[in-house]
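The values are calculated or read from the model by the stated rules, or taken from the named source; none is laboratory data. Being a predicted model, the structure only gives us computed values, none of them experimental. As a convention, Cβ positions derive from the backbone with ideal geometry for all residues, glycine included, and neighbour counts pool all protein chains shown.
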Amino acid sequence: MTDPTQDPRFRQDPYPTYAAMRSRCPVQAIPTGSRGHTSYLVTGYAEARQALGDARLSKDTATFFAGKGSQRHLHPAVAHSMLASDPPRHTRLRKLVTKAFTTGAVAELRPFIGRVTDELLNQWPIGERFDFVTSLAVPLPVIVICELLGVPERDRPDIQRWSGELFTAGKPDVIDAASHAMANYMTSLITAKRRRPGDALLDRLISARDGDDRLSEEELVSLAVLLLVAGHETTTNFLSNAVLALLQHPAALNRLRNNPDDAPAVLDELLRFDSPVATATFRFTTEAVTLGAADIPAGVPVLVALGAANRDPERFPSPDLLDLDRDAAAHLSFGHGIHRCVGAPLAKAEADIALQGILTRFPGIRLGGPPGQLAWRQTRLVRGLASLPVLT
């Protein structure tokens, strides 16, 4: 038995592989790692939605790996993050950050996002080939989340580098080292903010920790790291995947070029078409679970392929077609259930503002090289471009 997702061609276009797997069985066992371990990969929409909302699938990965004698050395603030926890702890932590990402709170950030977008677009060359990823997809969400949290500008390149290393495939030592670097930095920043408080989100979390909510020091550092990483990684991939999809579909691009104000209405379809998160973060069964036709024993990892679920023809007819008139609000790119991405409103606001700015100011934007030669990030968790050459 081999893992079909490890085929090099899978990086370029995973959807034929997903479709073939789904047609055989929407939930099936695959090998993972080099020690003969088995996980279950979910590629069907109904089964994915069930898995994402099933309390019998735990996200307490630290407990799972401790029981397996793992030799990993992730920093505890990363290993025990809100994303890797179950209720009631997850419920308590999520409550503290949710209000920072409500639709109303994000609306207040839109003028700032617009200014940052304009400043980045002002630097785009005319008539020259350049990289969309490094010119906008990476810096925009990094600047926004760092500004929201109160990370000094001089430190943002380090944050960007460590975050990228956390998603490096096949290099556990690099991931572990990045987790310590990020957590140590946030510990130092929290100490500095206690000496000189401000009004950023991190300052408010510090107050919650020192007040009635009583966040532990580890929880405070953990939330800060999670918000930094999750606050820009998904959006970076969303932006690059969305722009690539539009550049490869001239009719859709022309429609938005002529009607850039339609951008908010088509974001869900762009998210569905090429999910910025390929596979949801790790879950494992706490007891025997039946997903679809698959009987999964207790203590087994379950990987939910969000990108595959979004292309399930049982839920989205003609799923390989980018249809800007489709009602795609039920996509799973931000997850589902209690762990649905808390930053989804912010990600969509950034994409909306960025797409409108690009199409208004650079209506002639086009690919700067053959699609088949695009470089994709070498990671199983997220789906995003390492670079996207474009011409204006």
### Query
Any residue in the stretch 20-33 that is of a type in the set (S, T, N, Q), out of contact with any Gly (no Cβ under 8 Å at 6 or more places or on another chain) and outside any helix (DSSP H, G or I)?
yes
### Message
Given the criteria surrounded by fewer than 21 Cβ atoms within 10 Å (Cβ to Cβ) and closer than 16 Å to Q248 by Cα, does Q356 qualify?
### Response
no
### Query
For the stretch 220-316, which fully contained strands (runs of 3 or more DSSP E) count at least 1 residues that are of a type in the set (D, E) and free of Cβ contacts under 8 Å to residues at least 60 places away in the same chain?
294-296
### Query
Is one or more of the residues making up the stretch 212-233 closer than 23 Å to R115 by Cβ and among the basic types (K, R)?
no
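A quick yes/no check of all residues on (1) in contact with a strand residue (DSSP E or B) (Cβ under 7 Å, 6 or more places away or on another chain); (2) modelled with pLDDT under 90; (3) of a type in the set (A, V, I, L, M, F, W, C):
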{"residue": "T43", "(1), (2), (3)": "yes, no, no"}
{"residue": "A48", "(1), (2), (3)": "yes, no, yes"}
{"residue": "D54", "(1), (2), (3)": "yes, no, no"}
{"residue": "T63", "(1), (2), (3)": "no, yes, no"}
{"residue": "H75", "(1), (2), (3)": "no, yes, no"}
### Query
Got a number for residues in the stretch 371-392 being within 17 Å of Q248 (Cβ to Cβ) and among the basic types (K, R)?
1
### Query
in contact with a Gly (Cβ under 9 Å, 6 or more places away or on another chain) and either closer than 24 Å to G384 by Cα or at pLDDT 95 or above (or both) - does that describe any residue in the stretch 96-104?
yes
### Task
Select from the stretch 121-138 the residues that are closer than 20 Å to G343 by Cβ and touching a Leu at 6+ places or on another chain (Cβ under 6 Å) and list them in ascending order.
V133, L136, A137
### Query
Which of the residues belonging to the stretch 94-130 are acidic (D, E) and assigned to a helix (DSSP H, G or I)?
E108, D118, E119
### Message
If I ask for residues that are buried (at least 16 other Cβ atoms within 10 Å of the Cβ) and modelled with pLDDT under 95, which ones from the stretch 257-276 would you list?
### Response
R257, P260, A263
### Query
What number of residues in the stretch 125-146 are modelled with pLDDT under 90 and under 27 Å from L96 (Cα atoms)?
0
### Message
Quick check on this structure: which one of L346, L355, L381, L332 is in contact with a strand residue (DSSP E or B) (Cβ under 6 Å, 6 or more places away or on another chain), touching a residue at least 40 places away in the same chain (Cβ under 8 Å) and not polar (S, T, N, Q)?
### Response
L381
#### Entry: Cβ-Cβ under 8 Å pairs, at least 6 apart or on other chains, the stretch 29-55 side within 17 Å of Y18 (Cα to Cα), far side surrounded by fewer than 14 Cβ atoms within 10 Å (Cβ to Cβ) and at pLDDT 90 or above
G44/E314; Y45/E314; A46/E314
### Task
Identify all residues within the stretch 348-392 that are of a type outside the set (A, V, I, L, M), assigned to a loop (DSSP other than H, G, I, E, B) and more than 25 Å from H331 (Cα to Cα); write none if there are none.
F362, P363, G364, G368, G369, P370, S387, T392
### Query
Of the residues T91, T63, T38, which single one is of a type in the set (S, T, N, Q), over 30 Å from I353 (Cβ atoms) and assigned to a strand (DSSP E or B)?
T38
